[in-house]
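The values are calculated or read from the model by the stated rules, or taken from the named source; none is laboratory data. Everything numeric in this text was worked out from a predicted model, so none of it was measured. Here the Cβ positions follow ideal geometry from the backbone for every residue, glycine too, while neighbour counts run over all protein chains shown. These area figures cover heavy atoms from the full protein model, side chains too; ligands, DNA and RNA do not enter into them. Shrake-Rupley method; radii C 1.70, N 1.55, O 1.52, S 1.80 Å.
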Amino acid sequence: MESGTVHISIIVPNYNHARFLKQRLDSVFNQSFSDTEIILLDDCSTDGSKDILHDYAKHPKVSHVVINSQNTGFPVMQWQKGISLAKGEWIWIAESDDFSDLRFLESMMQYAQQNPTCGVVYCQSFDTDEAGTILSTRLNYTDLFQPNIW
């Protein structure tokens, strides 16, 4: 890794997820794996999300905060914008209505280091309600993939 680069660029694209955003950001900023930069993006939210993002903007890990003045209507455009700003060797698109275990990146990077030819690292997810109660997993969904790539 070159001097001045980071291991993982964490891109948090947001649009009107104020009710989830603090939990998501806390789960990003408090990861046990710390060689990261964080890129905060907002696609012209109207629900108070911008105020929450501004509260986190001064954190030393935040490399960019981009607030769109007009909604693009396409989440992938936000992903592309974040990727173009990223300095990391790896990219994590941390959707704003999700949250993660604080050891998520540490476990993903352990797997990546043990499998140096992989280009994508994936783990299973839990679907939760707004209180964090686990409702289901994605195992049934991914078991249907033929061949099962996960």
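Okay, here's what the table says:
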{"read-out": "Hey, Thr128 among the β-branched types (Val, Ile, Thr) and over 26 Å from Ile38 (Cβ atoms) or not", "value": "no"}
{"read-out": "Residue check, Asp55 part of a helix (DSSP H, G or I) and under 28 Å from Asp129 (Cα atoms)", "value": "yes"}
{"read-out": "Residue, nearest to Ser27 (Cα to Cα), within the range 113-140, restricted to residues that are modelled with pLDDT under 90, of a type in the set (Ser, Thr, Tyr) and in a loop (DSSP other than H, G, I, E, B)", "value": "Ser125"}
{"read-out": "Residue in the range 34-52 that is part of a helix (DSSP H, G or I), closer than 26 Å to Gln113 by Cβ and aliphatic (A, V, I, L, M) present", "value": "no"}
{"read-out": "Output for the range 141-150, where each listed residue is among the hydrophobic types (A, V, I, L, M, F, W, C) and either assigned to a helix (DSSP H, G or I) or surrounded by 10 or more Cβ atoms within 10 Å (Cβ to Cβ) (or both)", "value": "Trp150"}
{"read-out": "Single residue of the range 115-133 satisfying the filter (open to solvent by 100 Å² or more (accessible area, probe 1.4 Å) and farther than 20 Å from Ile8 by Cα) that is nearest to the chain's Cα centre (by Cα)", "value": "Phe126"}
{"read-out": "Members of the range 63-91 that are small (Gly, Ala, Ser) and either touching a residue at least 24 places away in the same chain (Cβ under 8 Å) or at positive phi (or both)", "value": "Ser63, Ser69, Gly73, Gly82, Ala86, Gly88"}
{"read-out": "Options Asp35, Asp143, Asp101, Asp129: the member that is under 21 Å from Asn16 (Cβ atoms) and of a type in the set (D, E, K, R)", "value": "Asp129"}
{"read-out": "Search result, residues across the range 34-44 that are modelled with pLDDT of 95 or more and either out of contact with any Phe, Trp or Tyr (no Cβ under 6 Å at 6 or more places or on another chain) or surrounded by fewer than 21 Cβ atoms within 10 Å (Cβ to Cβ) (or both)", "value": "Asp35, Thr36, Glu37, Ile38, Ile39, Leu40, Leu41, Asp42, Cys44"}
{"read-out": "Among the residues listed as Ala18, Ala112, Ala94, the single one being surrounded by 16 or more Cβ atoms within 10 Å (Cβ to Cβ), out of contact with any Pro (no Cβ under 8 Å at 6 or more places or on another chain) and either touching a residue at least 60 places away in the same chain (Cβ under 8 Å) or on the phi > 0 side of the Ramachandran plot (or both)", "value": "Ala94"}
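Let's see how each residue does on (1) polar (S, T, N, Q); (2) touching a Lys or Arg at 6+ places or on another chain (Cβ under 7 Å); (3) farther than 24 Å from Asp127 by Cα; (4) modelled with pLDDT under 95:
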| site | (1), (2), (3), (4) |
| --- | --- |
| Asn16 | yes, no, no, no |
| Gln23 | yes, no, no, yes |
| Ser32 | yes, yes, no, no |
| Thr46 | yes, no, yes, no |
| Tyr111 | no, no, no, yes |
